[in-house]
Amino acid sequence: MDGLPDCLHEREGELCCEGVRLSEIGTAVGTPCYVYSETAVRGRYAALAEAFVGAPCRVFYSVKANHNRALLRVFRELGAGADVVSLGELIRARRAGFAGADIVFGGVGKRVDELEAALAEDVFMVNVESESELRALSELAVARGATARVAVRVNPGIEAGGHAYTRTGHYKTKFGVAWEDAEALYELAARLDGIEPIGVDAHIGSQIFSTEPYRQVLQRLGELAGAIRARGIELRYLDIGGGFGVPHEGGAGIDLRAVGDAARAVTAEYKLTVLVEPGRWLVAPAGILLARVLYAKNLGDQRYYVTDTGSNDLVRPSYYSAHHPVEMVQRAPATEVADVVGPVCEAGDFLALGCEVPALREGDLLAVLYAGAYGFVMSSNYNSRPRAAEVLVSGDRYRVVRRRETIEELMAAEELDD
Ligand code: LLP
């Protein structure tokens, strides 16, 4: 690979996260363990903010990418808002110190209690995804004498993004309302009691490397906002969602300045504030998953390294065929090709197939890179495995920000007769 991600560097033949040796964390905290770099997160946020300088813009960190409250606090401190998609994420964001006014509530299937909570917290904006949801929100708002500020999430018919499951801007997916229905829905929103339409919204997908889809979505949403305004409905915000791509092989990734240029042009033309909801771009390169080699073996010519982490902790390699480089913590040149796999009882349980690695020994520590986004949050207890610990490094200090689950906790909610 070209280089290490933002959160890592090599010192005296060993991988370190900021000033802390990964081997120290591996020994003290145990494996598997997610390790995040606070400095890397801050650096990513500053770079993102810089790309949009000059455009009226607000950043709402997408909590789904990594919901650990220690990280949420960092984003709040940096001045970000939070983009949430469930009651759980809303409560997390509030507990991490975000005010209701700093929260955008999105998601394709909000329950009544979730809409109620959005109203109770008086969130900045609710992104609604159907006429029925809009009507439900109106009724709930009227019942409590509140007003919900809303955007309608429109499906702009733009196909962009990485894996098919992360492409959300075209009609073969469930997201948003049809482009051709949007204006009528804004007419309805303006008439409904308890509803104040304030913005237009789209999120076209995730792992997008080209700036062109963003140019298109900005332009189209700007035009839509203009058309809606012509009907006498004053809109102020243009929410383009998240999706900024992060390469896992090193390199720069999406040209955020070019997206910023498009945002500067459209916000000036339509007098709107642009809202962005990045998740992955801010946290993926700031985190790794630390694991240990349990066993080495051969099946015929195929070399396998079985580790103590797998698809239960990081599902992305098997679910999206995502490439997450696996690096040895004690540095050594790659000398062989092997499959680095997990302990889960599924043939699809792997970290990296055909991976170039040094000859590994049992007990060696490995770092799985670009695991700061959609890593821990998508982990499961499959095979009754407790979820991994999470560690936050700041300078030459680190702390456990979520301890490893215990097996007792996994069974605690089960209700048996005896
Ligand atoms: N806003 C909305 C409405 C979203 O649905 C998402 C992601 C984001 C913002 C943040 O997108 P990001 O900047 O992180 O790309 N589990 C998949 C990614 C799913 C993304 C879902 N929505 C993965 O591991 O690749």
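The values are calculated or read from the model by the stated rules, or taken from the named source; none is laboratory data. Everything quoted here is computed from the prediction, not taken from an experiment. Every residue, glycine among them, receives a Cβ derived from its backbone with ideal geometry; neighbour counts consider all protein chains shown. Each accessible area value is taken on the protein alone, full model and side chains, heavy atoms only, with ligands, DNA and RNA left out. Shrake-Rupley method; radii C 1.70, N 1.55, O 1.52, S 1.80 Å.
At-a-glance table
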{"quantity": "Unit charges at the beta carbon, dipole of the chain: most positive-side option, Leu416, Gln216, His324", "calculated": "Gln216"}
{"quantity": "Pairwise label distance in nanometres, Ser132 with Ile91, each label 7 Å out on the Cα-Cβ vector", "calculated": "2.6 nm"}
{"quantity": "The chain: angle of helix 182-191 to the longest principal axis, Cα-based, in degrees nearest 10", "calculated": "60 degrees"}
{"quantity": "Compactness index (Cα Rg / 2.2 N^0.38 Å), the range 1-45", "calculated": "1.19"}
{"quantity": "Probe 1.4 Å, accessible area per residue of the chain, Å²", "calculated": "41 Å²"}
{"quantity": "Heavy-atom SASA rank of Thr211, Thr335 (probe 1.4 Å, accessible area, largest first)", "calculated": "Thr335, Thr211"}
{"quantity": "Probe 1.4 Å - accessible area at Cys57, Å² to nearest ten", "calculated": "40 Å²"}
{"quantity": "The chain - percent of accessible surface contributed by carbon and sulfur, probe 1.4 Å", "calculated": "48 percent"}
{"quantity": "Angle in degrees between helix 256-270 and the longest Cα principal axis of the chain, rounded to the nearest 10", "calculated": "10 degrees"}
{"quantity": "Other-chain or far-sequence residues with amide H under 5 Å of Glu121's (modelled H)", "calculated": "none"}
{"quantity": "The chain: angle of helix 69-78 to the longest principal axis, Cα-based, in degrees nearest 10", "calculated": "50 degrees"}
{"quantity": "Calculated on alpha-carbon atoms, Rg and Dmax of the range 1-126 in Å", "calculated": "17.6, 56"}
{"quantity": "Spin-label pair Ala332/Lys271, simplified geometry with 7 Å Cα→Cβ offset, distance in nm", "calculated": "6.7 nm"}
{"quantity": "Residue-span extension gain [Arg257 to Ala230] - 0.36 nm each, minus C-alpha spacing", "calculated": "6.6 nm"}
{"quantity": "Where only alpha carbons of the range 106-278 are counted, the Rg and the Dmax (Å)", "calculated": "16.1, 52"}
{"quantity": "Cα-based equivalent ellipsoid, the range 128-214: semi-axes from gyration tensor eigenvalues, Å", "calculated": "29, 11, 11"}
{"quantity": "For the chain, calculated [θ]222 nm from helices alone, where every DSSP H run of n ≥ 4 adds -39500 (n - 2.57)", "calculated": "-8500 deg cm²/dmol"}
{"quantity": "Range of Cα positions in the range 353-407 per principal axis (Å), largest first", "calculated": "36, 32, 23"}
{"quantity": "Rounded to the nearest 10 Å², the accessible area of Thr147 at probe 1.4 Å", "calculated": "70 Å²"}
{"quantity": "Label-point separation, Leu353 to Ala47 (7 Å along Cα→Cβ), nm", "calculated": "3.1 nm"}
{"quantity": "Cα-derived Rg over Rh, computed across the chain with Rh taken as Kirkwood radius", "calculated": "1.00"}
{"quantity": "Per-residue SASA entry for Phe124, accessible area with 1.4 Å probe, Å² rounded to 10", "calculated": "30 Å²"}
{"quantity": "At R0 = 35 Å, FRET efficiency that the Cβ-Cβ distance of Leu294 and Val108 yields, to 0.05", "calculated": "0.30"}
{"quantity": "q = 0.16 Å⁻¹, the range 283-363: log10 I(q)/I(0) [Debye, one scatterer per Cα]", "calculated": "-0.56"}
{"quantity": "Rg in Å to one decimal, and Dmax rounded to a whole Å, for the range 187-344 via C-alpha atoms", "calculated": "22.8, 72"}
